[in-house]
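Student: Structure incoming, see below.
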Amino acid sequence: MVKKFDKYWDGMRNINKMLIVATVFDPRKKMQFAKMCFEKLYGKDTTDAKEMSQSVMIVL
């Protein structure tokens, strides 16, 4: 089970962006939720959080 978990969530740089896109398309969550999660993971107003948000927007 850990191997399957690591396949999709092993390090935030290698994360499958389609998993994030799926939460953005969910009408209850939207992009604001994804940005909030990035800020909690990386810290508020960090370049890593901004890069992840921008990379998801590019995928959209």
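Student: Roughly speaking, what is the stretch gain from residue 31 to residue 48, that is 0.36 nm per residue apart minus the C-alpha to C-alpha distance, in nm to one decimal?
Tutor: Values: separation 17, 0.36 × 17 = 6.12 nm, distance 1.63 nm.
Gain on extension, residue 31 to residue 48, equals 4.5 nm.
Student: At 7 Å along Cα-to-Cβ for each site, give me the label-to-label distance between residue 58 and residue 3 in nm.
Tutor: It is 3.2 nm.
Any read-out appearing in this document is the output of simple, stated calculations on the displayed coordinates, not a laboratory observation. From a predicted model like this one, the values you see are computed outputs, not experimental measurements. Cβ sites come from the backbone with ideal geometry, for glycine too, and all protein chains shown count toward neighbours.
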